[in-house]
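K.L.:
Quick one: the structure is below, and I'll ask about it shortly.
The values are calculated or read from the model by the stated rules, or taken from the named source; none is laboratory data. On a predicted model such as this, the values are computed, not experimentally measured, just so you know. Using ideal geometry, Cβ is built from the backbone for each residue, glycine included, and neighbour counts are taken over all protein chains shown.
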Amino acid sequence: MDGASSIASNLSALRAHIAEIARVAGRDPHAVRLIAVSKTHPLESLRAAIDAGQRDFGESTVQEALPKIQTLSANDLAWHFVGHLQTNKAKFIPGNFAWVHSLDSAKLAARLSRIAQEKGTRLNALIEVNVMRDPAKHGVAPEVLPALLEQLLGDRLAGIELRGLMTIGPYDASEKETRRCFARLRALRDETRERFNLSAFTELSMGMSGDYAHAIAEGATMVRLGTAVFGERDYSRAPQADASV
Ligand SMILES: *Cc1c(COP(=O)(O)O)cnc(C)c1O
């Protein structure tokens, strides 16, 4: 199979698998959004996915994403920023991305909101939670979440809409440990939504190529799939750092 047809067949197999796992878990099969994480992959791979009906794409650096977003702007796509976001890159997010998955501070939120308002747009935001307190990961610790929410709501950020939580599952962990992490994120979303009375705080971005089945079983509404859609990443072809933007 050539690259384009393998991407199309990966996507159709993944859609079927996602729907099946959701059904088995007693969930609506349409309640899980597949985000194709296209970092390091060339435009032709994204075009193959678009031709196969894919509309949600994830990128993790501004410098790699912007040329792709501009080149593919004639398509009706929803872009998701899934990487760690430095405050000095915030200005590139509203207007280019519909979603940010990695909100982790009130300062970043305030900046994103201000820029979104200046651009006359709104940004859907997920707060990244470091559920397992992994020192190598970004995101806020679970116990910090209520204080962050209080501050965000107190700041009345008109340019961003708080939509839910995101996490990255534990690397190389057992099924039990992985599911415990995802179940914890779901509980945190439920507690947060109730405590702060946030009707739109519904999303759970969790699950990557290696653990999306567990994430869906635990309630994921968005899975972020790179390798499973596009194949292995070749980092020599794409920028890793965001320094030049
Ligand atoms: C790269 C990346 C993904 C996709 O990873 P795969 O294991 O290739 O599916 C998902 N989420 C984030 C935050 C990423 O950086």
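K.L.:
If you take the residues of region 216-230 that are under 15 Å from the mean Cα position of the chain (by Cα) and among the small types (Gly, Ala, Ser), which of them is nearest to ARG163 (Cα to Cα)?
P.N.:
By that ranking, first place goes to ALA220.
K.L.:
Also: Please work out which residue is nearest to ARG233 (Cα to Cα), limiting yourself to region 2-38 and to residues that are among the aliphatic types (A, V, I, L, M) and assigned to a strand (DSSP E or B). Steps first, answer last, please.
P.N.:
So in region 2-38, the residues among the aliphatic types (A, V, I, L, M) come out as 4, 7-8, 11, 13-14, 16, 18-19, 21-22, 24-25, 31-32, 34-37.
The next check asks that each one be assigned to a strand (DSSP E or B); those that pass are 34-37.
Values: LEU34: 18, ILE35: 16, ALA36: 13, VAL37: 11 Å.
In this case the residue turns out to be VAL37.
K.L.:
Identify all residues within region 142-162 that are surrounded by 14 or more Cβ atoms within 10 Å (Cβ to Cβ) and either within 16 Å of the ligand (Cβ to nearest atom) or aliphatic (A, V, I, L, M) (or both); write none if there are none.
P.N.:
Once the filter is applied, which keeps residues that are surrounded by 14 or more Cβ atoms within 10 Å (Cβ to Cβ) and either within 16 Å of the ligand (Cβ to nearest atom) or aliphatic (A, V, I, L, M) (or both), region 142-162 yields VAL144, LEU145, LEU148, LEU149, LEU152, LEU157, ILE160, LEU162.
K.L.:
Then there is this: Just give me the residues in region 66-86 being under 20 Å from GLY53 (Cα atoms) and away from the ligand (no atom under 15 Å from the Cβ), in sequence order.
P.N.:
ILE69, GLN70, THR71, LEU72, SER73, ALA74, ASN75, ASP76, LEU77, ALA78
K.L.:
Quick one: count up the residues across region 184-215 that are of a type in the set (D, E, K, R), closer than 21 Å to LYS39 by Cβ and over 13 Å from the mean Cα position of the chain (by Cα). I'd like the intermediate steps shown before the answer.
P.N.:
Step one: list which residues in region 184-215 are of a type in the set (D, E, K, R), which gives 184, 186, 189-191, 193-195, 203, 211.
Retained after the next criterion (residues that are closer than 21 Å to LYS39 by Cβ): 203, 211.
Within this subset, residues satisfying the condition of being over 13 Å from the mean Cα position of the chain (by Cα) are 211.
Final tally of qualifying residues: 1.
K.L.:
Moving on to the next point. In region 1-50, which residues are of a type in the set (Lys, Arg), within 16 Å of the ligand (Cβ to nearest atom) and crowded, with 17+ Cβ neighbours inside 10 Å? So that I can check it myself, show each step before the final result.
P.N.:
Start the filter on region 1-50 by keeping residues that are of a type in the set (Lys, Arg), which leaves 15, 23, 27, 33, 39, 47.
Those still in the list that are within 16 Å of the ligand (Cβ to nearest atom) too: 15, 33, 39.
Result: ARG33, LYS39.
K.L.:
Of all the residues that make up region 60-87, how many are in a helix (DSSP H, G or I) and either within 21 Å of MET166 (Cβ to Cβ) or in contact (Cβ under 8 Å) with a residue 12 or more places away in the chain (or both)? Step through it out loud before you land on a result.
P.N.:
Start the filter on region 60-87 by keeping residues that are in a helix (DSSP H, G or I), which leaves 62-71, 87.
This time we only want the ones that are either within 21 Å of MET166 (Cβ to Cβ) or in contact (Cβ under 8 Å) with a residue 12 or more places away in the chain (or both), so: 62-66, 68-69, 71, 87.
The qualifying residues number 9.
K.L.:
Looking at region 151-170 only, could you name the residues that are out of contact with any Leu (no Cβ under 7 Å at 6 or more places or on another chain), over 20 Å from THR221 (Cα atoms) and in contact (Cβ under 8 Å) with a residue 40 or more places away in the chain?
P.N.:
Within region 151-170, GLN151, LEU153, ASP155, LEU157, ALA158 meet the criteria.
K.L.:
Return the residue satisfying two criteria in turn: it lies in region 213-229 and is in contact (Cβ under 8 Å) with a residue 60 or more places away in the chain and within 8 Å of the ligand (Cβ to nearest atom), and of such residues it is nearest to ALA187 (Cα to Cα).
P.N.:
Of everything passing the filter in region 213-229, ARG224 is nearest to ALA187 (Cα to Cα).
K.L.:
Hey, can you tell me all the residues within region 169-208 that are touching a strand residue (DSSP E or B) at 6+ places or on another chain (Cβ under 8 Å) and either of a type in the set (A, V, I, L, M) or modelled with pLDDT under 95 (or both)?
P.N.:
Answer for region 169-208, where residues must be touching a strand residue (DSSP E or B) at 6+ places or on another chain (Cβ under 8 Å) and either of a type in the set (A, V, I, L, M) or modelled with pLDDT under 95 (or both): LEU185, LEU188, LEU198, ALA200, LEU204, MET206, MET208.
K.L.:
Something else now. Tell me whether region 71-81 contains one or more residues that are crowded, with 23+ Cβ neighbours inside 10 Å, farther than 18 Å from THR121 by Cβ and in contact with a Ser or Thr (Cβ under 9 Å, 6 or more places away or on another chain).
P.N.:
No: region 71-81 contains no residue that is crowded, with 23+ Cβ neighbours inside 10 Å, farther than 18 Å from THR121 by Cβ and in contact with a Ser or Thr (Cβ under 9 Å, 6 or more places away or on another chain).
K.L.:
What is the number of the single condition among (1) farther than 24 Å from ALA183 by Cα; (2) over 15 Å from the mean Cα position of the chain (by Cα); (3) crowded, with 18+ Cβ neighbours inside 10 Å; (4) away from the ligand (no atom under 15 Å from the Cβ) that LEU123 does not meet?
P.N.:
Checking LEU123 against (1) farther than 24 Å from ALA183 by Cα; (2) over 15 Å from the mean Cα position of the chain (by Cα); (3) crowded, with 18+ Cβ neighbours inside 10 Å; (4) away from the ligand (no atom under 15 Å from the Cβ), the one that fails is (2).
K.L.:
Just the residues that are acidic (Asp, Glu) and either closer than 10 Å to GLY159 by Cβ or part of a helix (DSSP H, G or I) (or both), please, taken from region 88-128.
P.N.:
From region 88-128, those acidic (Asp, Glu) are 104, 118, 128; that's our starting set.
If the condition is that a residue be acidic (Asp, Glu) and either closer than 10 Å to GLY159 by Cβ or part of a helix (DSSP H, G or I) (or both), then GLU118 is the only one that fits.
K.L.:
When you check GLU194 against the structure, is it at negative phi, free of Cβ contacts under 8 Å to residues at least 60 places away in the same chain, loosely packed, with under 13 Cβ neighbours inside 10 Å and among the acidic types (Asp, Glu), yes or no? Let's see the steps before the verdict.
P.N.:
Working: at negative phi: yes; free of Cβ contacts under 8 Å to residues at least 60 places away in the same chain: yes; loosely packed, with under 13 Cβ neighbours inside 10 Å: yes; among the acidic types (Asp, Glu): yes.
So GLU194 fits the description; yes.
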